[in-house]
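Worksheet: the structure to be examined is printed underneath.
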Amino acid sequence: MGIESGWTRRGFLAAGGALAAACGGKHGEGYRGFAYIAIAGSRAIATIDLLSFALRGSIPLACQPSVLIADPDPKRAFAFAAGQTAGGAAVLERVDLTARKTVGQVAIGAGNPVLRKDHRGIIWSSASEARLHGWSANGLRPVAQVGMAARVIDFDVAEGQPLACACLEGGLAQLVDLAKGRAFEPVRLGGDATSVLFRRDGRTVMVARRNDALLSVLDTSSQQIMTELPLALRPDHFCFTGDGGQLFITGEGRDAVVIVYPYQTEVAQTSLSGRTPGQMACSAAPPYLFVSNPAAGSVSVFDIETQRVVGIAGVGVQPGPIVVTPDQQYALVLNEGSGDIGVIRIASIKQRLAHKTPLFTMIPVGGKPVAALVRSAA
């Protein structure tokens, strides 16, 4: 499915030019930076120049990437990719984005990897094991290991604090003091715990229970359940506003977006949004929520202030992750089925109910783009 990785760079660029022409003339100068796209189908990271919206090459990887994160220090032009090799081993790779090559690699387990970073310059990983591994971002040296009560399914790290929380096999949640390398007594949630997210201030953590359609809210100081929020759908995908004041949730069961107020620990409302809505991203100015609709090949634009859909853009086959450029001018949509990137110019969105939003351009990148990050050229 999608565009095969055997395409040449010349073929990519030629196709990119043709698709751009088909989308009409561009208006706007682009963003002075680069997008780095993890391509699962070709075991590589594609590099896109966002000033010209052109593919500039690729960085080969040893693994089939499923995760891509930036270096904890934004001044360093490095990234970390993780995925599985052909033999099923999980691998973490350190990538020099300037030199466009991998400069470090470590084995991190034998399952689907999860990566997070903390403010101290440590990359944390887990890959279907009952432990968290800490690696120095400067060279991938092992610096810590924390044993957990059961196999880790997902985990999150609090912003600016050495505190983690993992959801574990068997419906457990477990907090971890990363500075001391100590895991606390696990909390039994009585259901299927699959995803975990810290509130911006780190005082509460939310654990999604997919089978029960619930969001369990834990107090991190007492390590007790504060409340449980029933949801109108299965919690599969999550997106915070930039200030962390609202959490958006989509998932199987309803063509809608659930809006949660984390600081009030309450569900605000459930709003209709597109067909089988999936992954999301927020822009700050204007305050929009971009929602992928994989079954429809489109993205819905949800106005956060008015809480209604104000635009729909056709973008490609099976759209997935979305990334907004730091200047808030473009939304980059990773089309996992068609192997390309759909670019929406945010200024082209009109404030009319479900208005058809034009696609700015398309950029072919190869089979199954799954993750992305954007860096300034400065």
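The values are calculated or read from the model by the stated rules, or taken from the named source; none is laboratory data. All figures in this text were calculated on a predicted structure; none of them were measured in a lab. Positions of Cβ are generated from backbone atoms using ideal geometry, with glycine treated the same way; all protein chains shown enter the neighbour counts.
Looking across the range 332-378, the residues that are in contact with a helix residue (DSSP H, G or I) (Cβ under 6 Å, 6 or more places away or on another chain) and not β-branched (Val, Ile, Thr) come down to Pro358, Met362, Pro364.
Checked against (1) farther than 24 Å from Gly160 by Cα; (2) of a type outside the set (A, V, I, L, M); (3) at pLDDT below 95, Thr194 meets all criteria but (1). Here Thr270 clears all of (1) within 26 Å of Asp201 (Cβ to Cβ); (2) among the β-branched types (Val, Ile, Thr); (3) buried (at least 17 other Cβ atoms within 10 Å of the Cβ); (4) at pLDDT below 95 except the condition numbered (3).
The criterion of at least 3 residues that are farther than 26 Å from Tyr263 by Cβ is met by the following strands (runs of 3 or more DSSP E) wholly inside the range 111-217: 122-126, 131-136, 142-147.
If we scan the range 11-31, do we find a residue that is at pLDDT 95 or above, assigned to a strand (DSSP E or B), of a type outside the set (D, E, K, R) and closer than 21 Å to Ile322 by Cα? No: the range 11-31 contains no residue that is at pLDDT 95 or above, assigned to a strand (DSSP E or B), of a type outside the set (D, E, K, R) and closer than 21 Å to Ile322 by Cα. Considering only residues in the range 139-155 that are of a type outside the set (A, V, I, L, M) and modelled with pLDDT of 95 or more, the one that is surrounded by the most Cβ atoms within 10 Å (Cβ to Cβ) turns out to be Phe155. One residue alone among Gly109, Gly88 is more than 16 Å from Ala137 (Cβ to Cβ), buried (at least 18 other Cβ atoms within 10 Å of the Cβ) and modelled with pLDDT under 95, and that residue is Gly109.
Give the residue that is surrounded by the fewest Cβ atoms within 10 Å (Cβ to Cβ), with candidates limited to residues of the range 214-227 that are in contact (Cβ under 8 Å) with a residue 40 or more places away in the chain and farther than 13 Å from Ser195 by Cβ.
The residue in question is Gln223.
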